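Notes for the one structure printed next.
Just so you know, all these numbers are worked out from the coordinates, no wet-lab data involved. Because the structure is predicted, anything quoted here is derived from the model rather than measured. Here the Cβ positions follow ideal geometry from the backbone for every residue, glycine too, while neighbour counts run over all protein chains shown.
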Amino acid sequence: MAGLAMAASGVSQALSTHEGLRRVAPVVAAAAPARGVCLARRVCVQAIAEPVTKRDRTIEECEADVVAGNAPAAPAVPAKAKAPEGTPKISPLVMPARPRRNRRSPALRAAFQETTVSPANFILPLFVHEGEQNAPIGAMPGCQRLGWRHGLIDEVYKARDVGVNSVVLFPKVPDGLKTSCGSEAFNPDGLVPRCIRLLKDKFPDLVIYTDVALDPYSSDGHDGIVREDGVIMNDETVHQLCKQAVAQAQAGADVVSPSDMMDGRVGAIRNALDLAGYQDVSIMAYTAKYASAFYGPFREALDSNPRFGDKKTYQMNPANYREALIETRMDEAEGADILMVKPAMPYLDVIRLLRDNTSLPISAYQVSGEYSMIRAAAAAGMLDEKKAILESLLSIRRAGADVILTYFAIEAAQYLCAERF
Ligand code: PBG
């Protein structure tokens, strides 16, 4: 403020004495803070460059002119824009409300925009493997399995560079480590705990989410332990998930995210974390996770297709809406910190349902199939990729999601950063 005031007084001095601020400025500079100096100089240059017009008439004199009918000249009202030849001559519709009035210029549209998307809303899913090189994922053009040591770090650098500071890790586990009980899931030196330690060492403030489920570690490709008759065993699986979550917390995970859809796992995991001293580790529950065809590309990425059957006895029926509320009530009561809906775009109604029925933050997972659909359509020249990506993310936010897990996180954040300038 002091700097501004000095700059202003410098200007009026310059105008009244008709001299530049060159001689005055050093005096200002000596007294003003650095910012003020800078402002004063900028204003001076303008004062010198403009032709000096006399502006010393008082307000009273100016007002008297106007009262006497000598209003000063101002630009004319622009002529009415012409309609093309053949436009029908009609009398305008009589209607008081015309919603288009609020949409008629970029400034008005920006002023009344109800929803925004920011890189801070994104969580970037990362596929990691034991290899030293990155490997492309055929069904997800633009996504790779990252070498856990180098590729992973490079990708996180890229993300943080555009304001994406949250990631969720998905491991491609070697077949030789997959078993029917998925015990590799809680090996403290397994791929995920190693990645967490590496990332926390490099980027202590990075928010690391982990996936809690057995499928990447299961020789059956299911999220839980499979009984002889094909039944996915609930409580025994929850026991394993608790050990997995604690191992991830121990490595430094900030948020563990059970994606398995076993009953009661949120409460059990909360309890296990607390007992192990990880009261500060959050749980993002996959609350309404549907048995969806849109996970196809992800299962190729992790080579985690179920060896038999499907996941319909634990993931939700895509036809169901009310059932999402049952899961919501349970996850809330069991201590979830964030509730997720997955997939996102085909389930916007469910996102809205949760938004209206809980005070907890909502996350939505724009899954692999949603990603690949946009990529494929754009590659075929059927969609404008950038616009489709940003619109899909905006629509998920509009439905009520606070954060979005999206494979587009870096690209979308780059678009958003570029738009700002
Ligand atoms: C595994 C898991 C899946 C996804 C996230 N965690 C696949 C599945 O449930 O079969 C899917 C993510 C995606 O498709 O992008 N529990």
**Request:** Name the shape class, rounded, prolate or oblate, that the alpha-carbon gyration tensor gives for segment 50-205, where a ≥ b ≥ c are the square roots of its eigenvalues, rounded holds for a/c under 1.5, and otherwise prolate holds if a/b is larger than b/c and oblate otherwise.
**Result:** prolate
**Request:** Over all alpha-carbon pairs in segment 272-355, figure out the percentage whose distance exceeds 16 Å.
**Result:** 59
**Message:** Show me the three semi-axes of the equivalent ellipsoid for segment 210-262, from the C-alpha gyration tensor (sqrt of 5 times each eigenvalue), largest first, rounded to whole Å.
**Reply:** 22, 10, 8
**Asked** For the chain, what is one quarter of the convex hull surface built on the Cα atoms, given in nm²?
**Response** 33.9
**Asked** Cα to Cα, under 16 Å, and not fewer than 8 places away if on the same chain: which aspartates and glutamates meet these conditions relative to K202?
**Response** D154, E155, D161, D254
**Asked** How large is the dipole of the chain about the Cα centre if only Lys and Arg carry +1 and Asp and Glu carry -1, each at its Cβ, rounded to the nearest 20 debye?
**Response** 2100
**Asked** Just the Cα atoms of segment 62-132: what Rg and Dmax do they give in Å?
**Response** 26.6, 86
**Request:** Using packing as a proxy for protection, rank 130-141, 367-378, 402-413 so that the peptide with the highest average count of other Cβ atoms within 10 Å comes first.
**Result:** 402-413, 367-378, 130-141
**Prompt:** Sorted by average packing, counted as other Cβ atoms within 10 angstrom per residue and highest first, what order do 312-325, 331-344, 61-74 take?
**Reply:** 331-344, 312-325, 61-74
**Prompt:** Going by average Cβ neighbours within 10 Å, how do the peptides 142-153, 94-105 rank, with the highest at the top?
**Reply:** 142-153, 94-105
**Item:** Hydrodynamic radius of segment 128-286 per Kirkwood, over alpha carbon pairs, in Å
**Value:** 16.0
**Prompt:** If you project the alpha carbons of segment 160-226 onto the principal axes, what extent comes out on each, in Å, largest first?
**Reply:** 41, 19, 15
**Request:** State, in angstrom, two size descriptors of segment 370-421 derived from its alpha carbons: Rg to one decimal place and Dmax to the nearest whole number.
**Result:** 11.3, 32
**Request:** Using a Gaussian network model of the chain whose springs link C-alpha atoms within less than 10 Å, name the residue from T287, T87, T179 with the highest mean-square fluctuation.
**Result:** T87
**Request:** List the lysines whose Cα lies under 29 Å from the Cα of K312, skipping any in the same chain that are fewer than 8 positions away.
**Result:** K172, K178, K243, K289, K342
**Item:** Cα shape, segment 282-421, gyration tensor, a/c 1.5 rule
**Value:** oblate
**Asked** Which lysines have a Cα less than 17 Å from the Cα of K89, not counting those fewer than 8 places away in the same chain?
**Response** K80
**Prompt:** What's the center-to-center distance, using Cα atoms, between segment 298-320 and segment 202-256 in Å?
**Reply:** 16
**Asked** So in the chain, what percent of DSSP beta bridges are antiparallel if you round to the nearest 5?
**Response** 10
**Complete:** Mean 1/r over distinct Cα pairs of segment 239-278, inverted to a Kirkwood Rh in Å, yields 10.0
